[in-house]
Amino acid sequence: FPSVTNGTHSALRDFISARPGIRIKKGAIIFQQGDPITHLFFLNQGFAEILRINGDNPDQVISICREGTLIGASIPSRAAIYDLTARTLCNVWVTPVPVPELMSALQRNGELKRDLISEIGRQADLLSKEVNQLKTRSLAQRLACLFVSLVETQRTHTLSLPIAKQDLARWLGVSPSSLSRTLRELKQIGIQFRKKTIHIVDFEYARTFCYD
């Protein structure tokens, strides 16, 4: 489970859980690149994509965030701006964390400060691993790793993926037809994807395939 929700970062978890969550509809902007940082957002449920807006060029998908992620996570300052955009891929539930409140709490609570720095570092490490996967693993392995990690997080062999295939293809940087071919390939190792439902027949075999 993500470190904020499994108790590893208890001070950060307590700080977030003391604040009300809100529902945001699919396709909505959570924060916009270039706007002043007013909040960080804890993703309680659902998926959001992190984008770099490139003007007249196509937007670049940096990552897809799922539940347990602190979105917009950087060490905030009152003059900072969001350097990326976050947009929901489905209906989500998030907890907005106002920056002034967070800054004040960080000054008083050393444990909270350590938790936040640790969480930012953890997410930076995950992003670095995703970038490395682009260089060292096949599309089938990258997709299998995503499905295995999602299923592993939920502790079930079957999971509904509430994002469209075209959004998944954009994140992976491939065409929808390439994604469809790869999904058919994954059936051979026991990973089934049908109508947004992931089912892994042999979890250990699929996990081995990811890192083979």
Selected residue (only one of T156, T136, T197 is of a type in the set (S, T, N, Q) and modelled with pLDDT of 80 or more): T197
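Of the residues V92, V61, only one is within 24 Å of R23 (Cβ to Cβ) and in contact with an Asp or Glu (Cβ under 7 Å, 6 or more places away or on another chain); which?
Of the residues listed, the single one that is within 24 Å of R23 (Cβ to Cβ) and in contact with an Asp or Glu (Cβ under 7 Å, 6 or more places away or on another chain) is V61.
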Taking the stretch 45-83 and the residues there that are open to solvent by 30 Å² or more (accessible area, probe 1.4 Å) and in contact with a Phe, Trp or Tyr (Cβ under 7 Å, 6 or more places away or on another chain), the one that is modelled with the lowest pLDDT would be R66
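Quick one: which residue in E67, E49 is of a type outside the set (G, A, S) and in a loop (DSSP other than H, G, I, E, B)?
Working: E49 fails: in a loop (DSSP other than H, G, I, E, B).
Criteria check complete, one pass: E67.
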Among (1) in contact with a helix residue (DSSP H, G or I) (Cβ under 9 Å, 6 or more places away or on another chain); (2) over 12 Å from V151 (Cβ atoms), there is one condition D167 misses while meeting the rest; what is its number? (1)
Report yes if A86 is among the aliphatic types (A, V, I, L, M), surrounded by 13 or more Cβ atoms within 10 Å (Cβ to Cβ), assigned to a helix (DSSP H, G or I) and at pLDDT 85 or above, otherwise no. no
Could you list, in sequence order, the residues of the stretch 183-207 that are over 22 Å from the mean Cα position of the chain (by Cα) and among the hydroxyl-bearing types (S, T, Y)? Y205
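The values are calculated or read from the model by the stated rules, or taken from the named source; none is laboratory data. Fair warning: this is a prediction, and the values are worked out from it, not measured in the lab. Because the Cβ atoms are built from the backbone with ideal geometry, glycine has one as well, and the counts that use them run over all protein chains shown. Each accessible area value is taken on the protein alone, full model and side chains, heavy atoms only, with ligands, DNA and RNA left out. Shrake-Rupley method; radii C 1.70, N 1.55, O 1.52, S 1.80 Å.
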